[in-house]
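Comments concern the structure below.
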C-alpha cells in the first residue's frame, strides 16, 4: 500500500491539518485503521492524532482517495471530532468508556434476565397454598351451583303457573 498526499490545508483554529490523499493498493480496499496507521507514519504523527474521515474507491480501481484530519494532539481530536468518528478510528478514552458502558449494560441485562427465574422458583411454594385454596373453593362451588339451579327451577315453575292463570 502506497500513500501519496494530494493536498494539505492548515486549520489553526481547530489545531489540525486537513489532508487529502491517494492510496494505491494491490488487493482489496484497505481498512480504515490500516490507512490511518500508514498515513500517520508517512506524516510522522501518532496514530491517535489522525482521523480518517472518508475513503472513496472507484469500482474496479486499485486506487482510493481519502480525507483525513491530522490533529496536533489526541486531546484536540477528542474535543473536536464526533464520538462515532472517534469510535471508527479507535481514538481516545471515549471509545474505552463506550466499550465499558456496553459491557456494563450487558451485565445488567444478564442480571435482569436471571432475576425472574429466581422469582419463578419462589412462586411454586406459594402456589401450593393457592392450589389448595382453589380446590376448596371448587368443592364448595358445586353445592352452591346446585342450590342456585334449584332456586332457578322454582322460579320457572312459578312463572309458568302465573302465565296459566
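Just so it is clear, none of the values below were taken in a lab; they were calculated from the coordinates. Computed from a predicted model, the values in this text were never measured in an experiment. All Cβ positions, glycine included, derive from the backbone under ideal geometry; neighbour counts span all protein chains shown.
For the reader, a short list of remarks on this structure follows.
- As a proxy for reagent exposure, ranking 5, 80 by other Cβ atoms within 10 Å from fewest up yields 5, 80.
- Two-decimal ratio, region 1-83, of alpha-carbon radius of gyration to 2.2 N^0.38 Å: 1.07
- A protection proxy built from the mean count of other Cβ atoms within 10 Å ranks the segments 45-56, 26-37, most packed first, as 45-56, 26-37.
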